[in-house]
Amino acid sequence: MSAEQTTTPVAEALGAAVEALGGHERAGQVRMAEAVASALGDQEHLVVQAGTGTGKSLAYLVPALLHDQRVVVATATLALQHQLVERDLPRLVEAIGARPGVDGRFAVLKGRSNYACLHRIREGVPDDQGTLVDVPLGPMASKVLELRTWAEKQAEDGGSGERDAAPRHTDREWRQVSVGHRDCLGAAKCPFGEECFVEVAREKAHGSHVIVTNHSMLAIDAIEGIPMIPEYDAVVVDEAHELVARVTQAATAELSAPEVERAARRSQRHVDGTEADDLADAGDTLRAALGEARPGRLDEIPEAIADALALVRDAARAAMSAYPKSSDGDAPDAGLQQARGTVQEVFTIAERMAASSEADVLWLAEGTERIPPRLCIAPLQVWAQMREKLLTEKTVVFTSATLKLGGDFGPVAGSLGLKADERTEPGSPQPRTGDRLPWVGIDVGSPFDYARQAILYVARHLPPPGRDGLGEACLAEIVDLVDAADGRALGLFSSRRAAEAAAEVVRARLPHLTTLAQGDAQLPELAAQFLADPHTVLFGTLSLWQGLDVPGDTCQLVMIDRIPFPRPDDPLMSARQRAADRAGGNGFMQVAATHAALLLAQGAGRLIRTTTDRGVVAILDPRLATARYGAFLKASLPPMWATTDPAVARQALARLAAGVSS
């Protein structure tokens, strides 16, 4: 380290941590740590892009441990949350916890449904009428008993009761031993409140300096104003490219006729009058109205649906009022509270939908054989709420490997509530004044030499993708590339149908390779197979884009079938695009192209995971080279050496395959 860098406490602590952990100094990591420390100290927002391999978790955890007030770290994925709590923080505290100024107390906070519920385990699960039953009948019974035994052992041994630590199970099985916020009695009323895993976790969080949580919990606490996290001074948002989607998801609600009817059935046992029957009738009316409507965005609510929503809202309100009032001395009735909570949720959603606010987007999702038609509602945008509720109250550090789109922080920063004219230069802190929220944006680079390690191949000679799936020319291109790479390929497709079609053709034409498609097995099992054998091809859809980490020779080819624009009939994205146009902007670039750029960058990022990785990112969509927006999209990708010559791409892959084989 230079003398200048070692003069600051954060640089010294980071250096000590890296040395103790057996690592080596990374210039980008040092720069990021200094920037995070400055942001926390100056109460100035920071947007920092840190490429894969930077070591960004240490770069924000070290200054967080040194900060004089509590810091929250929010992640998008459970995988990163697990890494921070189980690996990074324990090792970091062991390495530098004794240094002056370091507060090594940390905790994790998850949503209530991520913990086992002792009341549900010991008192039973509500059936469809709200009656508590001991063990559900059917094939789930043995697994539920196993989960109950595990939870009791956790309580006895002082365990966390977290779902991640439980025996293997399905979502449906876990719901038999857990509750959401609506069904929880609350610690004061629950006979097992003192043992409650959630309350124990919260108590630990209250005594901690760093709290690790997820984007959804942060959104509920900061934006919706529901206290979920102990008071804190600053927040680090990792995987920040996901934040807008996660905040939107947390504020999205659905309503279907079966949900209304379920609330009515549960009310039958607790309401003496006709209010439960009236709610059931309202559910029937909603079913009829949704059955006659065309799926899609509802810019104007059809009269039949509007009338049905008003009927559901009013019937739910009346049913809630008809529930018996409990007195302080009454023993808690879990069935009653959970039934009333179900009605409350129906009322809240129906009221929001019936209001037809311009701040919301309402659409009808088409039903399937297993899922009935349902109304969905989501906020048109979330940047204003984040600006007002989060950015004005706390210091926020946003970080990710992909925050600069088109070579600029502007698109992502704007979606998070930061304005372009409020950006300041590093080292020139400005106080928050009135509505002004100054922020700094820095790119600390990557330790990877993308121009030497990776080739960006754009298949300019292919026809533009159409609506009918992959054409023969595209399929032939996929076969040629996979053949040249001798496997070692990850295919990222815009639809399940396209992934399956490509897999079928590759299996037929290259039978000596192992070709896996998403859906053949669970994702962890597919990933394990892919890692184990280099002569393997894995094809999948969007969920593979960010969740797969395959460093080394296993993956030397990443193929992306088309630019991942949102579907034209996506109700929320199309509404946001139209709103941007009406505000005088370019809706396509601000919404569709930005969305595509983010996914392309994440997909391309699957290739180079270490300094020794080599390979080709193949974009099988000529529009990246021919369309006007192509330059914006390419500027969002890592700076790879680019070509449109298929022979160059195949030769590079063949050389890599020969080198690995020899």
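The values are calculated or read from the model by the stated rules, or taken from the named source; none is laboratory data. This one's a predicted model, so the numbers in the text were calculated from it and none came from an experiment. Using ideal geometry, Cβ is built from the backbone for each residue, glycine included, and neighbour counts are taken over all protein chains shown. Just so you know, the surface numbers come from the protein's heavy atoms only, side chains and all, with ligands and any DNA or RNA stripped out. Shrake-Rupley method; radii C 1.70, N 1.55, O 1.52, S 1.80 Å.
Using only the alpha carbons, work out the radius of gyration and Dmax of region 356-408 in angstrom.
When restricted to the Cα atoms of region 356-408, Rg and Dmax are 17.4, 47 Å.
Mean separation of Cα pairs under 8 Å and 6+ residues apart, divided by the residue count of region 317-461: what relative contact order is that in percent?
It comes to 12 percent, rounded to a whole number.
So, with +1 on the Cβ of K and R and -1 on the Cβ of D and E, and no other charges, what is the size of the charge dipole of the chain about its Cα centre, to the nearest 20 debye? Write out the running numbers ahead of the final one.
Values: 67 positive and 89 negative charges, 281 e Å.
Dipole of the chain, to the nearest 20 debye: 1340 debye.
Not counting ligands, DNA or RNA, and with a 1.4 Å probe, what is E86's accessible surface area in Å² rounded to the nearest 10?
Per-residue accessible area (E86): approximately 120 Å².
Starting from the amide H of R423, placed 1.01 Å from N in the peptide plane, find each other amide H under 5 Å away whose residue is 5 or more places distant or on another chain.
For R423, whose amide H was placed from the backbone, the distant partners under 5 Å are W439.
Accessible surface of S574 in the full protein assembly, 1.4 angstrom probe, to the nearest 10 Å²?
S574 exposes around 30 Å² with every protein chain in place.
Amide H neighbours of A642 under 5 Å, at least 5 residues apart or on other chains, H built in the peptide plane: list them.
Residues meeting the criterion, in which the H sits 1.01 Å from N, are L456.
Report for the chain the percent antiparallel among DSSP-assigned beta bridges with both residues inside it, nearest 5.
Of those bridges, close to 25 percent are antiparallel.
Could you sort C190, C555 by accessible area so the largest value comes first, with the probe set to 1.4 Å?
Ranked from most to least accessible, the order is C190, C555.
When only C-alpha pairs under 8 Å and at least 6 residues apart count, what is the relative contact order of the chain, in percent?
Once normalised by length, the contact order is 15 percent.
Taking amide H atoms as placed 1.01 Å from N in the peptide plane, list the residues 5 or more away in sequence, or in a different chain, whose amide H sits under 5 Å from that of S356.
none
Along region 473-483, what does the Karplus equation 6.51 cos²θ - 1.76 cosθ + 1.60 (θ = phi - 60°) give for ³J(HN,Hα), rounded to whole Hz, x for Gly and Pro?
Using θ = phi - 60°, the values come out as 5, 5, 4, 5, 4, 4, 4, 4, 5, 5, 5 Hz.
With the dipole of the chain worked out from charges on the C-beta (+1 for Lys and Arg, -1 for Asp and Glu) around the Cα centre, which of S142, L548, G417 lies farthest toward the positive end?
Positive-end residue among those listed: L548.
Using Stokes-Einstein with the Kirkwood hydrodynamic radius over Cα pairs, what translational diffusion coefficient do you get for the chain at 10 °C and a viscosity of 1.306 mPa s, in µm²/s rounded to a whole number? Working shown, then result.
Working: Rh = 27.3 Å.
Translational diffusion coefficient: 58 µm²/s.
Using only the alpha-carbon atoms, how far is helix 141-157 inclined from the longest principal axis of the chain? Give it as 0 to 90 degrees, nearest 10.
In the chain, helix 141-157 runs at an angle near 80 degrees to the longest axis.
Using the charge dipole of region 287-381 (Lys, Arg: +1 at Cβ; Asp, Glu: -1 at Cβ; taken about the Cα centre), state which of V343, P372, A306 has its Cα farthest towards the positive end.
The listed residue farthest towards the positive side: P372.
Take peptides 44-55, 343-354 and line them up by average Cβ neighbours within 10 Å, highest first, as a rough protection proxy.
44-55, 343-354
Ignoring ligands, DNA and RNA, how do Y450, Y115 rank by accessible area with a 1.4 Å probe, largest first?
Greatest to least solvent exposure: Y450, Y115.
Arranged from highest to lowest average of other beta-carbon atoms within 10 Å per residue, in what order do the peptides 102-109, 584-591 appear?
Order by mean packing, descending: 102-109, 584-591.
Please list, in order along region 559-566, the HN-Hα scalar couplings obtained from phi with the Karplus expression 6.51 cos²θ - 1.76 cosθ + 1.60 (θ = phi - 60°), rounded to whole Hz, x for Gly and Pro.
Result, ordered by residue: 10, 10, 6, 7, 4, x, 5, x Hz.
Find how much the distance from E351 to T433 grows on full extension, using 0.36 nm per residue of separation minus their present alpha carbon separation; answer in nm with one decimal.
That works out to 25.8 nm of additional length.
From the phi of every residue in region 277-282, what ³J(HN,Hα) in whole Hz does the Karplus formula 6.51 cos²θ - 1.76 cosθ + 1.60 yield, where θ is phi - 60° and glycine or proline is x?
Result, ordered by residue: 5, 5, 5, 5, 5, 5 Hz.
Taking the Cα atoms only, what angle lies between the long axis of helix 496-509 and the longest principal axis of the chain, rounded to 10 degrees?
50
Take the solvent-accessible surface of the protein heavy atoms, probe 1.4 Å, and return the percent of it on the chain that carbon and sulfur atoms account for. Don't jump to the answer; show the numbers that get you there.
Values: 14600 of 29580 Å².
That share works out to 49 percent.
Run the 1.4 Å probe and let me know the accessible area of R509, rounded to the nearest 10 Å².
Its heavy atoms expose roughly 110 Å² to the probe.
About the Cα centre, and with charges only on the beta carbon of Lys, Arg (+1) and Asp, Glu (-1), how big is the dipole of region 277-342? Nearest 20 debye, please.
Dipole of region 277-342, to the nearest 20 debye: 220 debye.
Given the Cα-Cα distance of S495 and R297 and 0.36 nm per residue of separation, how much length would full extension add, in nm?
Additional length available on full extension: 69.1 nm.
Ignoring ligands, DNA and RNA, how do Y629, Y323 rank by accessible area with a 1.4 Å probe, largest first?
Numbers: Y629 40, Y323 5 Å².
Heavy-atom accessible area, descending, gives Y629, Y323.
Determine the dipole magnitude for region 542-604: charges of +1 sit on the beta-carbon of Lys and Arg, -1 on that of Asp and Glu, nothing else is charged, the reference point is the Cα centre, and the result goes in debye to the nearest 20.
340
With n ≥ 4 as the cut-off for DSSP H runs, can you work out [θ] at 222 nm for the chain, using -39500 (n - 2.57) per run divided by the number of residues, rounded to the nearest 500?
That calculation yields -12500 deg cm²/dmol at 222 nm.
With every protein chain present, what is the per residue accessible area of region 200-266 (1.4 Å probe, Å²)?
Working: 2310 Å² over 67 residues.
Ligands and nucleic acids excluded, the result is 35 Å² per residue.
Could you state the angle between the C-alpha long axis of helix 56-66 and the longest principal axis of the C-alpha atoms of the chain, as a value from 0 to 90 degrees rounded to the nearest 10?
Here the helix axis deviates by roughly 60 degrees.
Which order, highest average first, do 277-285, 379-387 follow once you tally other Cβ atoms within 10 Å for each residue and take the mean per peptide?
Ranking, from highest mean packing down: 277-285, 379-387.
Which one of M386, T433, V444 is farthest out on the positive end of the charge dipole of region 350-470, using unit charges on Cβ (Lys, Arg +1; Asp, Glu -1) and the Cα centre as origin?
Result: V444, furthest along the dipole toward the positive end.
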